[in-house]
Amino acid sequence: MAAYSERELRLADGSCARLRLGAVKTLRITVKPTGEVLITAPRRVGVRAAMAFANERLGWISARRAEAGARAAAAPRLSEGGSAPLWGRVYPIVLADGDGAGFDGEKITLRVPRGADYAARRAALLSLYRRELERELPALIGKYAAALGVAPPRWSLRDMRSRYGSCTPSRAAVRFALSLAAYPPLCLEYVAAHELTHLRVSGHGADFHELLAGVFPREAEARAMLRGA
Ligand SMILES: [Zn+2]
């Protein structure tokens with residue numbers, strides 16, 4: 001018998017959680033920095049009771065997810081010893097001479113000329129965000145274009161401060177905010193699904209939300225992280 005068994009659960013508010021039943025002594029819920037929820041429980045507790053336990057704590061889970069969003073939204077301190085968010089986690093910043101930015105899984109290196117100002121350091125961080133988004137977006141665009149039955153739109157990335165995305169259906173063009181790379185990955189997936197849904201329905205009426213929920217049921221979860229509250 002395996003040490004533990006795992007399965008995906010859908011909680012009462014529509015959000016997802018991973019349940020791990022196995023050789024642990026107590027039932028506990030962990031919300032990871034990415035917003036993912038892990039429930040661990042002794043095997044004898046069973047799926048139904050573990051799910052009820054989590055459903056009684058949806059307020060707490062939602063507050064922890066909002067914290068992940070707040071971390072991503074916090075202004076990064078882009079100096080040596082500072083930190084910046086990437087995909088919902090916060091990493092230390094290292095400054096190096098040169099051009100561009102790098103990420104090795106543990107730290108973010110901003111390569112800027114010695115004595116560069118905040119704007120230059122921020123531009124270096126945004127170059128990393130651009131690269132990360134360019135890697136992730138093609139698959140998401142393909143996935144939601146197929147799910148919605150639309151041709152994959154042209155897309156571009158912008159340094160937008162007050163919104164996360166926009167769509168111009170007449171030109172089949174969508175835009176994404178570079179800052180989305182700071183948030184847990186589910187947020188980018190939500191914005192991609194949302195903007196592509198606008199290729200079928202403009203505005204945010206009931207028909208829009210029905211179509212969006214059909215292809216992306218985890219809107220509440222993602223919005224809680226984007227709001228950070
Ligand atoms: Zn919209």
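FYI, it's all coordinate maths here, none of it is from the lab. Values in this document were obtained by computation on a predicted structure and should not be read as measured data. In this analysis, Cβ positions are derived from the backbone assuming ideal geometry, glycine residues included, and neighbour counts consider all displayed protein chains.
Numbers below:
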| read-out | value |
| --- | --- |
| 28 Å Cα-Cα reach of residue 143 towards lysines, excluding residues that sit fewer than 8 places from it in its own chain | 32 |
| About the Cα centre, charge dipole magnitude for the chain (Lys/Arg +1, Asp/Glu -1 at Cβ), debye | 440 |
| Dipole magnitude of segment 4-56 about its Cα centre (Cβ charges: Lys, Arg +1; Asp, Glu -1), debye to nearest 20 | 280 |
| Value of Rg/Rh across the chain [Cα atoms, Kirkwood radius] | 1.02 |
| Cross-link partners of residue 107 among aspartates and glutamates (Cα-Cα below 18 Å; sequence separation of 8 or more within a chain) | 80, 97, 99, 132 |
| Separation between Cα centres of segment 79-105 and segment 1-34, rounded to whole Å | 31 |
| Selected from 69, 84, 42, residue furthest toward positive end of dipole (segment 28-134; charges at beta carbon) | 42 |
| Helical segments meeting 20 Å axial Cα length and Kyte-Doolittle -1.0 threshold in the chain (DSSP H) | 58-73, 118-148 |
| Karplus (6.51, -1.76, 1.60) ³J(HN,Hα), θ = phi - 60°, over segment 74-81, in Hz, Gly and Pro reported as x | 4, 4, x, 9, 8, 10, 4, x |
